[in-house]
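Chemist: First, the structure itself, so that you have it in front of you.
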Amino acid sequence: MTTDRFVIVGVATARAEWFRATSQWATSSALPIEFLRCISAEEARTRLRSGRPHSALVIDERISGLDRDLIETAKDTGCAVLVITSPNTARDWLDLGADDAISAEHFDRSWLLDALRRSAPSIADVQPQSSLEVRSDQTAAWSGALIAVTGSGGTGTSTVAMALAEGIGTDPRQHSLVCLADLKLDAELALLHDARDVIPGLQELIDLHRTGVPSRSQVHDGCFHVEQRSYDLLLGLRNHRDWTILRRRSTEVAMAGLSRSYRHVVADVGLDIEGESETGSIDVEDRNTLARVALSQAKVVVVVGEGSMKGLFGLTRSVQRLTQFGVDPTSLVAVINHAPRRVRQRTELVSSFIELLPSDLAESVSSPTLLPHKRSVVDAVRDVAPLPSALVKPLTSEVLARLERTSKAEGESPSADEPVAVKPGSLGTLHEAPNGAAS
């Protein structure tokens, strides 16, 4: 009879007692393990990605770099993740995807062997997992609607995103439940809102989700309230180069956490969405993480173009790129910004847009929404004042109608966290029993 054998990648701080003990158990064959010692999270990440099968990652929580993304890297290679915690730790590593956790004071040989047999595959049975498992109590949580606004540069996507967030936020029922998020690599919404502070912002939000599950109040505290337009603002990256600190899993969870904290999130995103499969470069995919995550989670995508020959061509090309990325054509809302006033010219724009699209897309994508050119927009943006209603109302009504249709098509049902209207008569009637008591 053969005994299960495990290959463990271990990471610990200097002179950690559990690290030394595990090494001795491996050397003396007191446990059926091969112990690969690492001194940093990056070294462990390199070993996990080397192609050699491993059974488990055992890591000290005090190691810098231990977060959702390192846990996902281990999961993707088929490893279990065991975290050695400090006394009185306040972090729930099971929420972050770890298989088990124990205080260093209680770590011993029997616990390690039981944890390996319970959670880790033997080296002969290692099978990579497709993605990091999320606990069922997190996936069941209520989530608001993420609406992505994108388009080619210079078409006014940021202005359209602000108008949409304002249109939804001015509804009294949406008080403090609408957030405008700047997810562009070249973030501009801080300038367009005359934000004097640049902290907190997107980077702090992602850091909160790297190693924890922040509350709704913590997420709200990371945004600025724009009183004149009735929405909260999440500031974007402070420098273009800051995309290098982003990690896909942490960004995904941060966007999901933002959607759980607001009823509507309007995301101003770029249109660079190429990944490793298209370019052969993982660096390009990492650079485009914000746009790829936002567009993949969005329930409605607003794609903006201009009412010129070049703008119309760019709009149809943007629609094709988004559908090739995986966006459902029925969830797209095409917008032609700075549209002319004359009815004939507007009709020609709509017909030209439909003719330029491939036949399969032309049947799925609805006619574009036309937004007029208003000189007062410049003054409203400069003064952080309400935007013209001619820009806000038609856009908001079209997007909310599309969002409602999309939700019905997906068969969404009200969550337990959301109040449900009571239909008249559904609770029965109150009448008196023969003894005079109500029943």
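Chemist: Within the bounds of segment 24-37, is there any residue that is of a type in the set (Gly, Ala, Ser) and within 30 Å of the chain's Cα centre (by Cα)?
Modeler: No.
Chemist: Based on what the data block shows, is Val327 of a type outside the set (Phe, Trp, Tyr), within 27 Å of the chain's Cα centre (by Cα), modelled with pLDDT of 90 or more and closer than 20 Å to Thr396 by Cα?
Modeler: Criteria not met by Val327.
Chemist: Within the bounds of segment 265-286, is there any residue that is in the same structural domain as Ala187 (by TED's automatic domain parsing), crowded, with 22+ Cβ neighbours inside 10 Å, touching a residue at least 40 places away in the same chain (Cβ under 8 Å) and acidic (Asp, Glu)?
Modeler: yes
Chemist: Sort through Val303, Val319, Val327, Val266 and tell me the only one that's out of contact with any Lys or Arg (no Cβ under 7 Å at 6 or more places or on another chain) and part of a loop (DSSP other than H, G, I, E, B).
Modeler: Val327
Chemist: So, of the residues in segment 244-264 that are farther than 14 Å from Ile147 by Cα and touching a Ser or Thr at 6+ places or on another chain (Cβ under 7 Å), which turns out to be surrounded by the most Cβ atoms within 10 Å (Cβ to Cβ)?
Modeler: Thr251
Chemist: Which one is surrounded by the most Cβ atoms within 10 Å (Cβ to Cβ) among residues in segment 226-243 that are without any contact (Cβ under 8 Å) to a residue 40 or more places away in the chain and either outside the structural domain of Ser259 (by TED's automatic domain parsing) or under 30 Å from Val284 (Cβ atoms) (or both)?
Modeler: Taking the candidates together, the pick is Asp242.
Chemist: Tell me the helices (runs of 4 or more DSSP H) entirely within segment 146-225 that contain at least 1 residues that are at positive phi and in the same structural domain as Pro388 (by TED's automatic domain parsing).
Modeler: Output list is empty.
Chemist: Just wondering, is there one or more residues in segment 331-345 that are part of a helix (DSSP H, G or I), farther than 29 Å from Glu227 by Cα and in contact with a helix residue (DSSP H, G or I) (Cβ under 9 Å, 6 or more places away or on another chain)?
Modeler: Looking through segment 331-345, at least one residue is part of a helix (DSSP H, G or I), farther than 29 Å from Glu227 by Cα and in contact with a helix residue (DSSP H, G or I) (Cβ under 9 Å, 6 or more places away or on another chain).
Chemist: Ok, one more. Examine segment 408-421 for a residue that is in a helix (DSSP H, G or I) and either modelled with pLDDT of 70 or more or assigned by TED's automatic domain parsing to the domain that holds Glu348 (or both), and state whether such a residue exists.
Modeler: Looking through segment 408-421, at least one residue is in a helix (DSSP H, G or I) and either modelled with pLDDT of 70 or more or assigned by TED's automatic domain parsing to the domain that holds Glu348 (or both).
The values are calculated or read from the model by the stated rules, or taken from the named source; none is laboratory data. Computed from a prediction, not measured in an experiment: that's the story for all the values here. Every residue, glycine among them, receives a Cβ derived from its backbone with ideal geometry; neighbour counts consider all protein chains shown.
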